[in-house]
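To start, the structure itself, in structure tokens.
The values are calculated or read from the model by the stated rules, or taken from the named source; none is laboratory data. Predicted model only: the values in this text are computed from it and were never measured. Methodologically, a virtual Cβ is constructed for each residue, glycine included, from the backbone with ideal geometry; neighbour enumeration extends over all protein chains shown. When the accessible area is computed, the model is the full protein with side chains, heavy atoms only, and any ligands, DNA or RNA have been set aside. Shrake-Rupley method; radii C 1.70, N 1.55, O 1.52, S 1.80 Å.
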Amino acid sequence: LTFTIPNRDNIVYETENNNLDTPVLREPSYACEEAGIAMDSSKSDSHLRAKILIADDEKVNRQILVNYFRLYGYRVTSVSNGVEALEELDKAEGYDLVILDVMMPKKDGFTLAKEIREKDEHIPIIFLTAKTMKEDMLTGFHVGADDYVTKPFDSEVLLFKLKAILKRSLDKNHD
């Protein structure tokens, strides 16, 4: 059994039989090719260079998402609460998509999304949250979400949703 862990340096650590003592280092593209995952970095796919902001109070969740999206060539920044997310969006220009948890300290995701929409009505917002009630989902869409994904989630499905939203958003912005 092989388990693959992407890290911030874009090196993939693979472990054989869950033995973390002897990692096998491989470049992400090589590891993905072996697994049958296409890593297309052609310049025609502008969504691959997209800049993503992730706001989630769970450090492990943030790190998994950051590593996973960087593995596919996305530029990713993460913050731990809604206040930091709004500050990051104000100071750094050019985010192409925002992924928000709902339950965060200092400012919840619904309030944050509403404030983001007041400043930028076009930036795509995806909620990634444990709140699974229909009312929560409807609130998410009401405050401006482009999608609402509940935890636990399938990372490949999230990746394809992200690609689809970015493709539409970035294609529209380049017209």
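If a residue has to be more than 18 Å from the chain's Cα centre (by Cα) and part of a helix (DSSP H, G or I) to count, how many in the range 142-175 make the cut?
5
Keeping to the range 60-87, report how many residues are in contact with a Ser or Thr (Cβ under 8 Å, 6 or more places away or on another chain), open to solvent by 30 Å² or more (accessible area, probe 1.4 Å) and within 22 Å of PHE110 (Cβ to Cβ).
Summing the residues that are in contact with a Ser or Thr (Cβ under 8 Å, 6 or more places away or on another chain), open to solvent by 30 Å² or more (accessible area, probe 1.4 Å) and within 22 Å of PHE110 (Cβ to Cβ) in the range 60-87 gives 1.
Show the residue pairs that are 6+ apart or on different chains and have beta-carbon atoms under 7 Å apart, the first residue being within the range 43-60 and over 13 Å from GLY94 (Cβ atoms) and modelled with pLDDT under 60, the second being open to solvent by less than 20 Å² (accessible area, probe 1.4 Å) and not polar (S, T, N, Q).
Qualifying pairs under 7 Å: HIS47/LEU166; HIS47/LEU170.
Answer yes or no: is there a residue in the range 78-89 that is at negative phi, hydroxyl-bearing (Ser, Thr, Tyr) and modelled with pLDDT of 95 or more.
Checking the range 78-89: at least one residue is at negative phi, hydroxyl-bearing (Ser, Thr, Tyr) and modelled with pLDDT of 95 or more.
How many residues are open to solvent by 100 Å² or more (accessible area, probe 1.4 Å) and free of Cβ contacts under 8 Å to residues at least 12 places away in the same chain when one looks only at the range 142-167?
The qualifying residues number 4.
Name the single residue, out of those in the range 125-141 being outside any helix (DSSP H, G or I) and not polar (S, T, N, Q), that is surrounded by the fewest Cβ atoms within 10 Å (Cβ to Cβ).
MET133
Taking the conditions exactly as written (free of Cβ contacts under 8 Å to residues at least 40 places away in the same chain, on the phi < 0 side of the Ramachandran plot and more than 16 Å from the chain's Cα centre (by Cα)), does ARG117 satisfy them or not?
Against the criterion (free of Cβ contacts under 8 Å to residues at least 40 places away in the same chain, on the phi < 0 side of the Ramachandran plot and more than 16 Å from the chain's Cα centre (by Cα)), ARG117 qualifies.
Going by the conditions given, is ASP108 modelled with pLDDT of 95 or more and under 25 Å from TYR68 (Cα atoms)?
Criteria met by ASP108.
Of the residues ASP57, ASP96, ASP90, only one is acidic (Asp, Glu), buried (at least 20 other Cβ atoms within 10 Å of the Cβ) and within 20 Å of ILE116 (Cβ to Cβ); which?
The unique qualifying residue is ASP96.
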